[in-house]
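To start, the structure under review is shown below, and the notes come after it.
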Amino acid sequence: MKINDVVCPFCGCLCDDLEITVEHNRIVAVDNGCTLANAKFMSKEQLASPIRRTGEGWENISYDEAIQYTVDMLLDADRPLLYGWSGTHGEAQCIGVHVSELVGGIIDSTTSVCHGPSILAIQEVGHPGCTLGRVKNRADVVIYWGCNPLEAHPRHMSRYTTYADGYFLQNAFRERKVIVVDVRETETARVADEFIRIKEGGDYAVLSALRAIVRGKGDVVPESVAGVSRSQLERIVTLCKDAKFGAIFFGLGLTMTRGKYKNVRNAIELVDELSRHTKFTITPMRGHWNVYGSNEVFTWMTGYPYAIDFCRGIAFYNPGETSAIDLLARKECDACLIIGSDPGAHFPRGCVEHLAEIPTVVIDPVPTMTTALADVQIPVAVSGIDADGTAYRMDGVPIRVRKVIEPTLPNDREVLKSIHAKMKEAKGQ
Amino acid sequence: MKVTLEVKPRQKPYLPIEAEGIVPRTFFEGTDSLTVFRGNKELPLEEIFNVAIEGEAESVDEVEIIILGDSSRIKRVGEYMDGGRIHITGDIGMHCGNFMSAGEIVIDGNADAWLGREMRGGRIRCHGSAGDYCAAGYRGEKRGMRGGTVEVFGDAGDFTAETLAGGSVIIHGNAGDLSGVDMKEGELTIMGDTSRACANMSGGMAYVHGTVNDMIPTFRKIGQEKVNGEPYTRFSGDIANRGKGTLFIRNYKYLD
Ligand code: SF4
């Protein structure tokens, strides 16, 4: 059986044109997707039942036992952390917020290690953004800053920018200019019309210089800024000012390097400055397929997009203090529930060590690096494959991910619902 | 009135204690049931501190709080303080002196991040070093500290005096990256080195008596001027931000 228009639950592009072939409730072929999509749909190594660590290894336990363990662990803690969320659907994230509030814990998504700084910047100066559809149909200048879409978002350029047709462009491929800004010459830089190579840690200075040049104050800018010549910066500014519609996309090269959110703020203020001359927009290249969804859901439920501390009964937000990495590095939490993320694979060592010390439960379909730190793992259906739900694309457009095969395990939503119900019962509510 | 709070050893010493109740006014007005929070558990003050109160006070300014022991994870001490004195003999946790409007906080050790966040008045003196966001603002807020004085005798972390909008900040050691970023008003003095000082500033005044590394390239050089007899370069900016701030810098280096 062939299923059309399937949404890919892997990266923030949320491509919704995949074709999946299913035989006997198994996926046998994936068409239209990139290699990352293929790997995601074809992976097979799901756990069959919840497991608990014993002295020597692991034992299988029932869902009821695993859920009871999680509830007890969370209720015993003084400052539990509920982390992850970008690998699950919006409905499950909702229940996650309810659980966090009920237990008085801290809820944080992987945002705090990827585009958290983008949000901090947006909270300072706003977000002149737009949908990817608008970029596809209108943009004649596209800037990729500190990101490498050809490797991290493989279909971004073909669906929305360089290689996509545009309704308002005669010959999109020729008319669109692509500018890549990075510290090294990436795959993406090689297909760009203009490549700006910046010295490491120099993004902020280059953005400031561009802003001054756009304002006609280029005379204050030194001959060379962070490895980029003033003449190249002037050329870029002319290109941008002459654009009919410009779009900046940025990645972790901007958000996770020196200055972090102030880099992003500077980029937004450059867009603001350019918009006095033409139309410009800016969009973060969100990584996980539904990390944007976690921000949307948390914001409409708590008022804050990530790193929300419910310990005092009300929502408190202060990334740097209430974000997962900082909490773990400073050992400021005493239990952890992880869902839809693999911090064991990419958190700094000190954080991983603390995770291993405190009681930890992982909700994840497959064994990951985080499993090695956990006391209990609860396997679940995979959103977008055998569970459905809502996700948000990197430009904030909600898209429903579908279920293409019948599940054999409960999904995130169901597991979290039971945790929430048991917790309410224990609290006598 | 002298209030002595001695921190007791805790089973989970890393879990922060939130103690915004520790301000002179609370003790001046009398407290039978002051509580602090350890995560989501509300506890009586006495469970975390040995408390001793001596003498009387006619006004809040006659109250002195002395904190002894390991207070490095006690947060929000002196929040909204409006008079009196707090003397911390060791290190202090985050958000010490948030929003304070009057009185004095003296820290003998180091202060963690957000020391004197959004402060309005009064005085903080930290004899050790301060963490990131010393004398800074809050997330998304346009204006940070608006009045009073913060003086750090050691070093300060990144984003010192971020969005400064009044008052004065003096760092005797070095300050981290992006000190005075987005500042609007007020005065920042750094005796040592820093990097990318006053990026995106729109107003206010800053002196750096050491070296500014990776100087922001969009400040206009006004010329050489003498400060206390020494030659300094005067800048105005940040031009990228239509800024009208003034910088006096002893030495600077661009990232070119
Ligand atoms: S670009 Fe992203 S969303 Fe699209 S198919 Fe590849 S992994 Fe999936």
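Worth a mention:
- FRET efficiency, 1/(1 + (r/R0)^6) with R0 22 Å, evaluated for B:Ala52 and B:Asp108 via beta carbons: 0.70
- Sparse-neighbour loop sites [trypsin sites (Lys or Arg not before Pro); the range B:4-44; at most 16 other C-beta within 10 Å; DSSP]: B:Arg10
- Here the range A:250-357 is assigned +1 on the Cβ of each Lys and Arg and -1 on the Cβ of each Asp and Glu. Its dipole about the Cα centre then comes out at about 420 debye.
- The residue list A:Tyr261, A:Cys8, A:Val191 was ranked by how far each Cα lies along the charge dipole of the protein assembly as shown toward its positive end, using unit charges on Cβ atoms, and A:Val191 comes out on top.
- Dimensions (Å) - chain B, Cα atoms, principal axes, largest first: 61, 38, 31
- Shielding score for A:208-221, defined as the mean number of other chain Cβ atoms within 10 Å: 5
- Residue by residue along A:342-349, Cβ atoms of other protein chains within 10 Å of the local Cβ number 0 on average.
- Rounded to the nearest 20, the Cβ-based charge dipole of the range A:116-284 about its Cα centre (Lys and Arg +1, Asp and Glu -1) stands at 280 debye.
- Projecting label points 7 angstrom from Cα along Cα→Cβ for A:Arg190 and A:Glu19 puts them 2.9 nm apart.
- Computed over the range B:110-254: relative contact order in percent, which uses C-alpha pairs under 8 Å that are six or more apart: 15 percent
- Rounded to 5, percent antiparallel among DSSP beta bridges of the range B:110-254: 30 percent
- This model, with +1 at the C-beta of Lys and Arg and -1 at the C-beta of Asp and Glu, gives the protein assembly as shown a dipole about its Cα centre of some 2580 debye.
- Chains B and A together bury roughly 4200 Å² of accessible surface, counting both sides and using a 1.4 Å probe on protein heavy atoms.
- Occluded residues from the range A:240-264, i.e. those whose accessible area drops by 40 Å² or more once the chain is not alone (1.4 Å probe): A:Arg258, A:Tyr261, A:Lys262
- Here the peptides A:245-256, B:177-188, A:9-20, A:58-69 are ranked by packing, the mean other Cβ count within 10 Å, and the order with the highest first is B:177-188, A:245-256, A:9-20, A:58-69.
- With the convex hull of its Cα atoms as the shape, the protein assembly as shown has an orientation-averaged projected area of 31.4 nm².
- Pairs exceeding 26 Å between alpha-carbon atoms, taken from B:Lys8/B:Lys41; A:Lys241/A:Lys262; A:Lys260/B:Lys226; A:Lys331/B:Lys2: A:Lys260/B:Lys226; A:Lys331/B:Lys2.
- Interface residues in the range A:71-100 - accessible area drops by 40 Å² or more relative to the isolated chain, probe 1.4 Å: A:Asp78, A:Arg79
- Chain B - percent of accessible surface contributed by carbon and sulfur, probe 1.4 Å: 44 percent
- For chain A, the longest site-free run once trypsin sites (Lys or Arg not before Pro) in DSSP loop states with at most 14 other Cβ atoms within 10 Å are removed: A:45-183
- Drop in accessible area of at least 40 Å² in the complex versus isolated chain, residues of the range B:214-256, 1.4 Å probe: B:Pro217, B:Thr218, B:Arg220, B:Ile239, B:Ala240, B:Arg242, B:Leu255, B:Asp256
- Cα centroid of the range B:106-172 to Cα centroid of the range B:31-86, whole Å: 21 Å
- Positive-end residue of B:Cys134, B:Leu115, B:Gly245, charge dipole of the range B:110-254 with Cβ unit charges: B:Gly245
- Calculated mean residue ellipticity at 222 nm for chain B: -500 deg cm²/dmol, from DSSP H runs with n ≥ 4 weighted as -39500 (n - 2.57), summed, divided by the residue count and rounded to 500.
- When each of the peptides A:73-82, A:295-304 is scored by how many other beta carbons lie within 10 Å of its residues on average, the order from highest to lowest is A:73-82, A:295-304.
- Per residue of chain A, the DSSP helices (runs of n ≥ 4 H) give a summed -39500 (n - 2.57) that works out to -10500 deg cm²/dmol at 222 nm.
- Computed over chain A: relative contact order in percent, which uses C-alpha pairs under 8 Å that are six or more apart: 24 percent
- Look at the dipole of the range A:358-415 built from charges on Cβ: of A:Pro407, A:Gly396, A:Thr371, the Cα furthest out on the positive end belongs to A:Gly396.
- When both bridge partners sit in the protein assembly as shown, DSSP labels roughly 35% of those beta bridges antiparallel.
- Short-range pairs are left out: with C-alpha atoms under 8 Å and at least six residues apart, the relative contact order of the range A:116-284 is 32 percent.
The values are calculated or read from the model by the stated rules, or taken from the named source; none is laboratory data. Computed from a predicted structure; not experimentally measured. When we count neighbours, we look across all protein chains shown, and the Cβ atoms used for this are built from the backbone with ideal geometry, even at glycine. Only protein heavy atoms, including side chains, enter the accessible area calculation; ligands, DNA and RNA are left aside. Shrake-Rupley method; radii C 1.70, N 1.55, O 1.52, S 1.80 Å.
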